[in-house]
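Please treat every number below as a calculation from the coordinates, not as lab data. Note that the structure is a prediction, hence the values are computed from the model and not measured. For neighbour counting, all protein chains shown are included, and Cβ atoms are generated from backbone atoms with ideal geometry for every residue, glycine included.
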Amino acid sequence: MSDKASVLAKIATAKTVVQSIAPSAPPPSLPPSDFDTRKTAPGVVRWFDFDSAAQIAGGFDENYIANPSNDGLRRPVIDTSIKCSGAGSLRFDLPSNTTANAGGEWLANFSPDLATRFGENSEFYVQVRVRWNDVMAQTLFQQIGGAPQGGIKFFDVVAGDVFGGVNPDSWGITKYYSSSDLKVVVQSYIQHRYPIVYRYFDGATANLFEDVATPLDVKHQNAMPSPFCLYSKLAALAPGADNPGCWTMLANEWITFQLGIQLGAKGTVIGAGGSVIPVWLNSTVRLWAAREGQPSQLLVDWKPGVPGYAPLWRGADSEDQRFGKVYLFPYMSNKDPAQAHGLGQVWYDDLIISKVRIADPSGSATPAPAPTPTLANLPANTALDLGRYTCAQPADNPAGCERISEYSGFAYDPYNGRMLQFGGGHASTTRTDIGVFDCTSLKWGSLYPSTPCAQQVLANADLSAMRWISSNHPIARHTYDMLVVGESSGGRSFFVMTSGGLNGVEGCGSGGILGGAGASQPRIARFDFASGAWVYSKLAIPWYYASAAAFDPLTKKIVVVGYTDNIAPGRVWLYDPATDTITAGGAAPSNIGYANNLIYFPPTQKFYLISNGTVAGGLAVFEVTLDRTNLAASSIAQVGGMSGSLPALIETGFAYDSKNKVIGGCVRNGLFYAYDPAAKLWTSRVMQTSPVGGAIGTVAHHSLDYDPVNNVFIILTDYASGFRTWAYRYQ
């Protein structure tokens, strides 16, 4: 770090940089490009990749720094496991029972020498990628007193520090903060998960950029098309619910924000009571946002001519404030420290500041799934009949292919909006394709053709991984609740986490084992979405084949809970796909049973294991508390004091309903059960059908999962119920 004298000398000789441009229509989008291309494009004045600790350890010579939380216990850190480019990202942690600035803050001036500030007749853009976890997306945060907290900030642009100025410190620098008069803020609207923009107008009053749509209504995102992002719709919504017509953030994906500000000439307007307010005339503010892999969309277009328009306030003439600093922080004003909640986490990456509009990020990311119109108006507690399950694999002998659901299930793929299915085995079907239910077309298909029956012979079997050599597909097996979709540094994949109890090679129509009994060594199988190929772990599987598994979005690892080689009581394991390693954790104090379901519960970041009725007393729910820093300290505890309409459990399927924050499933004879872990309450409903009068029946073992985009459970019923597919909305 340079000494004080050299820093001040460098700042003293700096020139203020501005670009003369008049307010205009939104600049056109540019072809998408990667971060290395975007950060070196013409017009860029500064960038941060958050790839190393050096990006948070700046000081006066660089004019960027990470500051601690209000209680001094936390600062933002570099996270090398979750990032959208390079080697890392900037992560903020917000634990339970914390105040407004729970995770600390990161700030930077627009240039190391304080020379780059934007004032009259200038234009600048700030682009940053933001990601938050389930807790941030789903928790209804409260302010002191219990009312919904007023909104989660994402970032601010404020007045840049200046050498000299009206209030210089001991370094001779006047510093401006997030609380400065000159600022524009991007945050969520109260506890709804759609972004808005606000500013100060007269030095005291925070004003949203709201388009006055009617005398009694405003548009919060005035650039959004019909049905419009209207304030009036909130009256009919629960706190935190999505506002139809607004662009809403989702959990666990990288959002790209770009804020563009054009400033006109200095001027004044007359405020309330005849006060003279200094402004930048004809100033404009625009906010674009983009989901991962999608083009950016203009949300806010604040400019002259918009109903309710007022220009940007510029502060007192004596201060000559100009935009020149950015703050990154998930700040929540007046946040209630008495409120308990899970660990909230927010990541930032790829920050760019430029004089011209910045191109959207490129990459191989798949566009986020969109809602399906057919399901949009499905009433609460209604199941839509989507028809009989159809399949045609293997192509040379597809008879009985619907039996892939026997003692098996499917898993929701959030990256592509589909259910992925693998199963069969043990004298049912030996098909090896991945069954696919497309949540847009609402049809079943296959991701690739199955290994033909003609190739399902002992000479074509690799016993060291239990795969067919010619196709590299896993040999068919029961999969129970052991199918997982997740991502790690190795990419996005579909995992088969069970041996399925294989003890030999079974082929089409064999009626038994072809051979290999006692020599088979099934492995964890991973289907890589990018390459379209199966990859096999080198590790022996330590858990019983009828255990249960779920993806942990915090560690990007897979949690398995079950017996060890069919020996009670059971324990927890953590599989790391990035390193192909397994870590054993804490053991259960009592028998947990087998063929269970394991469900991640985002509000508390815990897991719930629901037994299949094989433990004493039948119904049993176990709370799995994962110690992510010391797995041996993890616990599996049976939940006591449950009430309500408790199901008589059999082997069945459950999934987490993120809309209603319940765990739902156990469909049997047209009854649907839901469990609320917060209240320890079970409820049941007689499922209504569309068309009216249909008979749903019973789910086929574990063949049920939840589609959060459409707020429906996808259910495949058993043989006695006709092998039919249903889309069910709880509420």
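To the nearest 0.05, how large is the calculated FRET efficiency for residue 80 and residue 316 if R₀ is 56 Å and r is the Cβ-Cβ distance? Don't skip to the answer; put the middle values down first.
Details: r = 44 Å, r/R0 = 0.79.
For residue 80 and residue 316, the calculated efficiency is 0.80.
What number comes out for the charge environment of residue 620, summing +1 per Lys or Arg and -1 per Asp or Glu over other residues with Cβ under 14 Å away?
Values: positive: 680; negative: 623, 651.
After counting each charged neighbour, the total is -1.
Can you put 707, 71 in order, fewest other beta carbons within 10 Å first?
On the way: 707 23, 71 12.
If I rank by nearby Cβ atoms, fewest first, I get 71, 707.
From the helices alone, meaning DSSP H stretches of at least four residues, give me the mean residue ellipticity at 222 nm for the chain, per-run term -39500 (n - 2.57), in deg cm²/dmol to the nearest 500. It would help to have the intermediate numbers written out before the result.
On the way: 4 runs with 23 residues, N = 731.
Helix contribution divided over all residues of the chain: -500 deg cm²/dmol.
Please identify the cysteines of the chain that lack any partner cysteine with a Cβ under 4.7 Å from their own Cβ.
84, 439, 666, each lacking another Cys Cβ under 4.7 Å.
Find how many whole Å separate the alpha carbon centroid of segment 160-179 from the alpha carbon centroid of segment 689-731.
With segment 689-731 and segment 160-179 each reduced to a Cα centre, they are spaced 63 Å.
Tell me, what is the FRET efficiency for residue 87 and residue 29 to the nearest 0.05, using R0 = 35 angstrom and their Cβ-Cβ distance as r? Walk me through the intermediate numbers first.
On the way: r = 28 Å, r/R0 = 0.81.
According to the calculation, E is roughly 0.80.
May I ask for the distance between the Cα centers of segment 48-111 and segment 283-337, given as a whole number of Å?
Here the two parts' Cα centres lie 21 Å apart.
Just how large is the dipole of segment 4-354 about the Cα centre, in debye to the nearest 20, putting +1 at every Lys and Arg Cβ and -1 at every Asp and Glu Cβ?
Numbers: 28 positive and 32 negative charges, 41 e Å.
With only Lys, Arg, Asp and Glu charged at Cβ, the dipole is about 200 debye.
Using the alpha-carbon centroid of each, what span in Å lies between segment 604-653 and segment 529-603?
Segment 604-653 and segment 529-603 have Cα centres spaced 15 Å from each other.
Testing the spin-label approximation: label points 7 Å from Cα along Cα→Cβ at residue 241 and residue 376. State their distance in nm.
1.7 nm
Rank the residues 556, 83, 325, 443 as a footprinting-exposure proxy: fewest other Cβ atoms within 10 Å of their Cβ go first.
Numbers: 556 17, 83 24, 325 27, 443 13.
By the 10 Å Cβ count, ascending: 443, 556, 83, 325.
Starting from the Cα gyration tensor of segment 373-729, take the square roots of the eigenvalues, sort them a ≥ b ≥ c, and report rounded, prolate or oblate (rounded when a/c is under 1.5, otherwise prolate if a/b is larger than b/c, else oblate). Don't skip to the answer; put the middle values down first.
Details: a/c = 1.58, a/b = 1.13, b/c = 1.40.
Oblate.
Give the order of 183, 153, 661 when sorted by the count of other beta carbons within 10 angstrom, beginning with the fewest.
By the 10 Å Cβ count, ascending: 661, 153, 183.
Mean separation of Cα pairs under 8 Å and 6+ residues apart, divided by the residue count of the chain: what relative contact order is that in percent? Mind dumping the intermediate values first?
Working: 1988 pairs, mean separation 84.9, N = 731.
Computed over the chain, the figure is 12 percent.
7 Å from Cα along Cα→Cβ at both residue 458 and residue 628: what's the point-to-point distance in nm?
4.8 nm
Applying 1/(1 + (r/R0)^6) with R0 = 51 Å to the Cβ-Cβ distance of residue 472 and residue 276, what FRET efficiency is obtained, to the nearest 0.05? Intermediate values should be presented prior to the final figure.
Values: r = 75 Å, r/R0 = 1.48.
Rounded to the nearest 0.05, the efficiency is 0.10.
Once you list every other residue whose beta carbon is under 14 Å from the beta carbon of residue 638, what net charge do they have if Lys and Arg are +1 and Asp and Glu are -1? List each step's numbers first, then the result.
Details: positive: 606, 680; negative: 623.
So the surrounding residues net to +1.
Here are a few candidate values for semi-axes √(5λ) of the Cα gyration tensor in Å: [x] 94, 77, 19; [y] 49, 40, 23; [z] 52, 27, 24. Which one was actually calculated from the structure I just gave you?
The value computed from this structure is option [z].
What nm value, rounded to one decimal, do you get for the distance between residue 590 and residue 683 when each label is placed 7 Å out toward the C-beta?
That separation, rounded to one decimal, is 2.8 nm.
Over segment 373-729, calculate the relative contact order: mean separation of alpha carbon pairs under 8 Å at least 6 apart, over the residue count, as a percent.
It comes to 16 percent, rounded to a whole number.
Cα gyration tensor of segment 4-354, axes a ≥ b ≥ c as square roots of the eigenvalues: rounded (a/c below 1.5), prolate (a/b > b/c) or oblate?
Numbers: a/c = 1.37, a/b = 1.08, b/c = 1.26.
Verdict is rounded for segment 4-354.
Mind scanning 219/659; 556/606; 83/556; 266/325; 175/325 and naming the pairs with a C-alpha gap bigger than 18 Å?
Numbers: 219/659 25 Å; 556/606 14 Å; 83/556 12 Å; 266/325 20 Å; 175/325 10 Å.
Correct reply: 219/659; 266/325.
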